[in-house]
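Quick notes on the structure that follows.
The values are calculated or read from the model by the stated rules, or taken from the named source; none is laboratory data. Fair warning: this is a prediction, and the values are worked out from it, not measured in the lab. Note: ideal-geometry Cβ built from the backbone for every residue, glycine included; neighbour counts use all protein chains shown. Ligands, DNA and RNA are excluded from the accessible area calculation, which covers all protein heavy atoms including side chains. Shrake-Rupley method; radii C 1.70, N 1.55, O 1.52, S 1.80 Å.
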Amino acid sequence: MAIFEIDKGKAKRVRLSEFKLEKDLQRLVEENIETIFNCRFIATEFSTGNIHSGRIDSLAISEDNNPVIIEYKKVASSDLINQSLYYLHWIRDHKGDFQVAVNRKFGKEIEVDWSDIRVICLAPEYKKYDLHAVQVMGANIELWQYKIYENGILSIDEVYKRTSSSNHQETEEYSEKNPIMVEAGKKAALTRKTATYTLEQHFENLDDNILELFNATRDYIISLDSTIEETPKKNYVAYKTSQNFVCMQTYRKKITLYLKLNADEIETMPKQGRDVKNIGHFGTGDFELTIKDLKDLEETKYLINEAYKNIGG
């Protein structure tokens, strides 16, 4: 992908650059980890002990309180995949070590969500064999590619997203629908089957009107982009691309959404919304939206869309 800098109507190609040291890349990500990966930093070069004799490049915790491992390479290397897989298995067997590190960093007991462990590999490129190997392994490994340019621009793109194939029956079930909804439906079905927490837990006790509202709300959210993931958590359902932009909680008589929006930037505060930045709540957004019927949903869809655009799509 060519990058051009526009100056007074003239386009100038921006040349690729590189990090002098791998540590420079690691330091940049760690110092900006919340902006880049929406995680909270825990430790750098985290030791896995004398027996395992390894060091995790960056250890973090996600906005959903999932463990996060980040490994870096300045050049394409298959060792990156192997190291990441090794650390993934290590952290599964050493949950206590991770909990201690979290408590030491944040000074309080955080309930770690072990239903998902994010392992992020960051490199300038990947060999086709590495992409194939990760697909075959089916491990929770994300492959991200970075490019650094001479004008200080850094681009980071996910080149492999953790996915699994749905079965033939699921394909048939969605075959008559809109292509965007087909893909979304497959993802939702997969999530319901594989997640520790299920979607059904969030709607099984709803009355008919709220169940209809629940389905209409999630259909709208998923339809914004075919890459949106639906992830049931213990207390809410998260919708994300690179990070959560909506977290949905269900109640018998209403649905509450927590959006990635700054209430101070909303021109006219809707009656259904409020700022909860300084109020304890489940979910990862600071703007609360309460929806009690389809009319509420129609009136506030634009805010859901703004939250999606706010994280960069």
**OP:** Place a +1 charge on the Cβ of each Lys and Arg in the chain and a -1 charge on the Cβ of each Asp and Glu, then give the dipole magnitude about the Cα centre in debye, rounded to the nearest 20.
**Re:** 620 debye
Original post:
Near K292, which lysines are there with a Cα under 16 Å away, not counting those fewer than 8 places off in the same chain?
Top reply: K253, K254, K271, K301
Subject >> lysines with Cα under 24 Å of K108, excluding same-chain neighbours fewer than 8 positions away >> reply: K95, K233, K234, K277
Original post:
Where the accessible area of segment 199-311 is counted over protein heavy atoms with a 1.4 Å probe, how much of it, in %, is carbon and sulfur?
Top reply: 44 percent
Subject >> the chain - share of DSSP beta bridges that are antiparallel (%, nearest 5) >> reply: 80 percent
Original post:
On a 0 to 90 degree scale, rounded to 10, what angle separates helix 79-93 from the longest Cα axis of the chain?
Top reply: 60 degrees
Subject >> Degrees between helix 179-194 axis and first principal axis of the chain (Cα, 0 to 90, nearest 10) >> reply: 80 degrees
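For segment 199-311, what is the accessible area per residue in Å², given a 1.4 Å probe and the full set of protein chains?
Roughly 48 Å² per residue, with all protein chains present.
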Subject >> Shape category assigned to segment 199-311 from the gyration tensor of Cα positions, a/c cut at 1.5 >> reply: rounded
**OP:** May I ask you to evaluate 6.51 cos²θ - 1.76 cosθ + 1.60, the Karplus curve with θ = phi - 60°, for each residue of segment 108-113 and list the ³J(HN,Hα) values in order in whole Hz, giving x for glycine and proline?
**Re:** 7, 7, 10, 6, 6, 9
**OP:** With everything on Cα atoms, drop me the angle between helix 95-106 and the longest principal axis of the chain, reported from 0 to 90° to the nearest 10.
**Re:** 80 degrees
